[in-house]
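Notes follow once the structure below has been shown.
Laboratory data are not the source of any read-out in this text; all were calculated from the coordinates shown. If you're wondering where the values come from, they're calculated on a predicted model, not measured in any experiment. Cβ atoms come from the backbone with ideal geometry, glycine included; neighbour counts cover every protein chain shown.
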Amino acid sequence: MMLGKIWAVFRKDLLIELRTKDSLNAMLFFGVVVLVVFNFALEAVRDSIRAAVPGVLWVAFAFAGTLGLNRIFAAEKDNNCLQGLLMIPVDRGVIYLGKMLAATVFMLVSEGVIFVLTLVFFNLTVWREVPYLVLVFCVGTVGFTAVGTLLAAVAANTRMREVLLPLILFPVVVPILINAVEATAIILNTVDYRVLRQPLTIMTVFAIVFSTLSYLFFEYVLEE
Amino acid sequence: MKDRGEGTFDAVLGAAVAAGMVLALYMAFLVAPRERTMGDLQRIFYFHVPAGITGLTAFAFNFVASVMFLVRRKHRWDALALASAEVGVMLFSIVLVTGPIWAKPAWFVWWTWSPRLTSSLVLWMLYVAYLLVRNYVSDPERRAQMSAVFAIVAFADAPIVWFSIRWWRDQHPSPMLETGGLSPAMWPAFAICWAVFQLLMIYLVRRRAALEGVRHDLDELMRSAERSA
């Protein structure tokens, strides 16, 4: 029952995105820009570039993700769409879960593209590492969007809108960024993957805590 | 409309804090013994640590007040949340300024990304972000609601920040000097400084919340004047 409603909200956002491609275009291009900028910024450590790749990746992911999260409510503000959304006779938590799912999918798609470009730009070869990387990207992204969707709704209520989101989101997602970078570094630069458990555990706890809190408190931040 | 002038309690509390500050300075600089290895440098500890603990108390107040606002919907809880966040940020700013002043001569660096330093900085950032949210919402009711939700998120985040930074940094040894317990001769000065900081925090929070109450009343008056005009 509830899954169907979540799916309906998700499908709506997905359809809009597939037709306009507003968010994904911006996210992908911004990801590429960040990678190129980093390439110049890291000129001095060219020899040990492999150690810098996890950080570069997650900064690009976080920036692209913030763009996507901003759009997810900004789009509703145009043409009073938010009012229509609020008139759906469902719990506000359902709207949260649908929106969060959409944000997660957009972010994962752009992460895939950014990751492949990173392999090219930084001359890396990965095969065996891919399934582990996918796992870390998924858990980290869910944690990021779990709290990001709530804070995007908060930011949409302010005068600063898009400008405010990164300012309030990045301090909150510090645990995700730290552990995702750590986990990615373990995968890319070491052979013993048993130590992955620790960062993955913290990210999972983060995702569970903040998706629950956001589900519960979403009704307070979603207002016309 | 309630009179929000300074009551007897606040007047007494304010005088006690003022007297306590003089006593705290006396204790920290003249009564407490000189530390054996660090010398007088160690005396900054009497301000650094109490400010940190008191700042954490203020953030806990902010959390309780924010939850109470969402439950009760009374403006005074929102005013209390704002006041305790502002005072908490101020106290943590003291922590973040006195820390490097001590660290440069003691560790030979201003800053190191050790667990305590990193989590204190992130905590400070979380509550600056809270104040930013408040700053950019014009409607009072909406501002109270948005910031209460953000306060709960920030408070839930703090322990996760602490654990992830501690676990992550454990793999890399940090240059932090681990000292033993506090010498008994230093306890009186420390306890008095701590008590004065707590009282100062309570005094400032009360005055700031009262000021916010006045501002709220004024807003209401202006609005009702506009309606009748």
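Quick look at the numbers
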item: Relative packing of peptides A:12-19, A:49-56, B:34-41, B:46-53 - highest average C-beta neighbours within 10 Å first; result: B:46-53, A:49-56, A:12-19, B:34-41
item: Cβ-Cβ FRET estimate between A:Val33 and B:Asp217, R0 fixed at 51 Å, reported to 0.05; result: 0.55
item: Relative contact order %, region A:2-221, counting alpha carbon pairs below 8 Å whose residues are six or more apart; result: 27
item: Positive-pole candidate from A:Met27, A:Phe61, A:Ala103, dipole of region A:21-165, charges at beta carbon; result: A:Ala103
item: Simple spin-label estimate for B:Ser138 and A:Leu14 in nanometres, 7 Å along Cα-Cβ; result: 3.9
item: Linear extension gain, B:Glu6 paired with B:Leu23, 0.36 nm per residue minus alpha-carbon span; result: 3.7 nm
item: Whole-number percent relative contact order across region A:102-187, with pairs defined as alpha carbons under 8 Å at least 6 apart; result: 34
item: About the Cα centre, charge dipole magnitude for region A:2-221 (Lys/Arg +1, Asp/Glu -1 at Cβ), debye; result: 280
item: Chain A: DSSP helices with Cα axial extent of at least 24 Å and average Kyte-Doolittle hydropathy no lower than 1.6; result: A:22-41, A:92-121, A:130-156
item: Value of relative contact order over chain B, rounded to a whole percent, pairs C-alpha under 8 Å and six or more apart; result: 35
item: Centre separation in Å (Cα based) which lies between region A:143-159 and region A:56-103; result: 8
item: DSSP-loop trypsin sites (Lys or Arg not before Pro) across region A:128-224, with at most 13 other Cβ within 10 angstrom; result: A:Arg128, A:Arg159
item: Nitroxide proxy distance, nm - points 7 Å out along Cα→Cβ at B:Val71 and A:Arg197; result: 3.9
item: Efficiency of FRET from Cβ geometry, B:Glu226 and B:Ala106, R₀ 60 Å, rounded to 0.05; result: 0.55
item: By average C-beta atoms within 10 angstrom, highest first, the peptides A:58-66, A:2-10; result: A:58-66, A:2-10
item: Approximate spin-label separation A:Ala44-A:Asn80, in nm, with each point projected 7 Å along Cα-to-Cβ; result: 5.6
